[in-house]
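Heads up: the structure comes next, in structure tokens.
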Amino acid sequence: MALLFKSDIDRGDSWRRALLEVEPGLDLREWPEIGEPRDIEYALVWQPPRGELKSYPNLKVIFSIGAGIDHLASDPELPKGVPIVRMVEPGLTAGMTEFVLMSVLYHHRFMLDYAEQRRNRVWREIDQVPSWDRRVGIMGLGVLGGDLAEKLATLRFDVAGWSRSPKDLPGVTSFHGAGGFIPFLERSDILVCLLPLTPETTDILNARAFAALPEGAALVSVGRGAQVVEADLLAALDSGHLDGATLDVFREEPLPEDSPFWDHPRVVVTPHVASMTIARGACAFVIDNIRRFEAGQPLLHVVDLDQGY
Ligand code: NDP
Ligand code: OXD
């Protein structure tokens with residue numbers, strides 16, 4: 001069997017090494033040098049060109065290099081009936097938890113205010129708020145949101161999550177579905193978006209959602225940029241209703257040079273780096289899944305394309 005690999009050019013070396021370490025005999029084809037298209041049975045890809053995957057007539061499984069599969073689902077020519085597996089690997093989960101913990105703590109401990117005070121050479125203490133009086137709301141309680149919720153609860157934050165189905169996680173209040181959305185927002189002093197991008201979650205963070213948040217709330221946006229209506233977010237920040245935002249994902253990436261977010265004093269911008277798939281864990285996950293598939297066992301973490309994630 002041949003495996004097609006397509007990611008960023010500069011990440012190729014570590015992936016090649018990691019794949020061959022787990023499966024030394026692997027017939028690895030690195031895009032665009034793929035040889036005979038009919039040899040390709042498995043594809044491990046990030047943002048393949050539109051229509052590319054339909055040119056492999058014997059493709060059996062598509063593995064996403066990222067947790068999100070919107071880069072695949074948005075391809076109108078995606079081959080029908082070929083299962084898609086999303087990425088679940090410990091480094092990706094740990095990285096996301098680290099990044100969001102850092103961001104939640106940054107807002108919780110008034111670091112935006114202290115950065116502003118520093119620029120103006122102001123020495124002023126702001127009263128500390130105990131973590132149990134800070135309500136953190138996590139949109140998306142899946143692999144990433146679930147791990148984050150557990151760690152935030154350990155730090156004694158008042159944690160709630162919002163998902164499609166109800167959850168039972170220790171120390172985490174569960175809200176779900178359309179009916180749970182506004183009550184969930186109303187109790188989120190720091191809102192974290194860790195949802196996958198689907199038609200239902202596109203534009204979900206809009207003026208109505210921001211208005212439902214408590215006065216002075218902060219946003220940590222790490223799902224996908226198209227979940228945020230950027231003009232509504234700017235309006236909520238500029239009116240002071242929102243205190244600040246950490247934005248890792250944007251509607252247009254790279255963030256255009258003229259974006260008002262770059263210079264906004266209440267915004268932290270990072271270039272879609274909240275977490276990254278670590279090659280070694282990812283390759284073990286992919287090869288293990290291929291072995292399962294070839295042994296007739298069910299694949300792990302297959303995407304339900306009707307749900308969109
Ligand atoms: P999962 O599929 O494990 O979890 C998704 C969660 O979102 C589930 O809890 C699901 O609910 C919930 N959800 C989906 N649709 C809705 C909806 N319409 N209403 C309410 N809840 C919904 O995904 P992961 O945790 O692995 O990843 C989440 C996303 O994080 C990725 O899709 C990607 O976009 C983003 N990401 C960003 C990175 C970055 O660097 N910025 C890095 C990695 C991922 P239920 O549990 O009921 O199914
Ligand atoms: C992902 C990402 O989906 O890096 O894994 O955005």
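The values are calculated or read from the model by the stated rules, or taken from the named source; none is laboratory data. What you see is a predicted model, and the numbers here were worked out from it, not measured in a lab. Reconstructed Cβ throughout: ideal geometry from the backbone, glycine too, with neighbour counts over all protein chains shown. The accessibility values were calculated without ligands, DNA or RNA, using every heavy atom of the protein model including side chains. Shrake-Rupley method; radii C 1.70, N 1.55, O 1.52, S 1.80 Å.
Looking at Thr202, Thr173, which is the one that is within 16 Å of ligand 2 (Cβ to nearest atom) and out of contact with any His (no Cβ under 6 Å at 6 or more places or on another chain)?
Sole residue among the options that is within 16 Å of ligand 2 (Cβ to nearest atom) and out of contact with any His (no Cβ under 6 Å at 6 or more places or on another chain): Thr202.
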> With respect to Lys167, is the statement that it is touching a strand residue (DSSP E or B) at 6+ places or on another chain (Cβ under 7 Å), among the basic types (Lys, Arg) and under 21 Å from Leu185 (Cα atoms) true?
Replying inline: yes
> Residues Met87, Met96: which one is in contact (Cβ under 8 Å) with a residue 60 or more places away in the chain, part of a loop (DSSP other than H, G, I, E, B) and either of a type in the set (Lys, Arg) or open to solvent by less than 20 Å² (accessible area, probe 1.4 Å) (or both)?
Replying inline: Met87
> Does Ala226 satisfy the condition of being small (Gly, Ala, Ser), at pLDDT 95 or above and over 25 Å from Gly95 (Cα atoms)?
Replying inline: no
> If you go through region 47-72, how many residues are open to solvent by less than 50 Å² (accessible area, probe 1.4 Å) and within 16 Å of ligand 1 (Cβ to nearest atom)?
Replying inline: 11
> Looking only at region 210-242, which residues are out of contact with any Gly (no Cβ under 9 Å at 6 or more places or on another chain) and part of a loop (DSSP other than H, G, I, E, B)?
Replying inline: Pro214, Val222, Val229, Ser239
>> Are there strands (runs of 3 or more DSSP E) fully within region 130-182 with at least 2 residues that are open to solvent by less than 10 Å² (accessible area, probe 1.4 Å) and at pLDDT 95 or above? List them.
In response: 135-139, 158-163
> Could you give every pair whose Cβ atoms fall below 6 Å, whose first residue belongs to region 172-194 and is in contact (Cβ under 8 Å) with a residue 40 or more places away in the chain, and whose second residue is open to solvent by less than 40 Å² (accessible area, probe 1.4 Å) and among the polar types (S, T, N, Q), counting only separations of at least 6 or pairs across chains?
Replying inline: Cys193/Ser221; Cys193/Gln227
>> Looking at region 209-217, can you tell me whether even one residue there is open to solvent by 40 Å² or more (accessible area, probe 1.4 Å), under 24 Å from Gly177 (Cβ atoms) and more than 10 Å from ligand 1 (Cβ to nearest atom)?
In response: yes
> Restricting to region 243-262, what's the tally of residues that are part of a loop (DSSP other than H, G, I, E, B), farther than 21 Å from Met276 by Cα and either open to solvent by less than 90 Å² (accessible area, probe 1.4 Å) or of a type in the set (S, T, N, Q) (or both)?
Replying inline: 4
> Looking at Phe285, is it crowded, with 19+ Cβ neighbours inside 10 Å and free of Cβ contacts under 8 Å to residues at least 60 places away in the same chain?
Replying inline: no
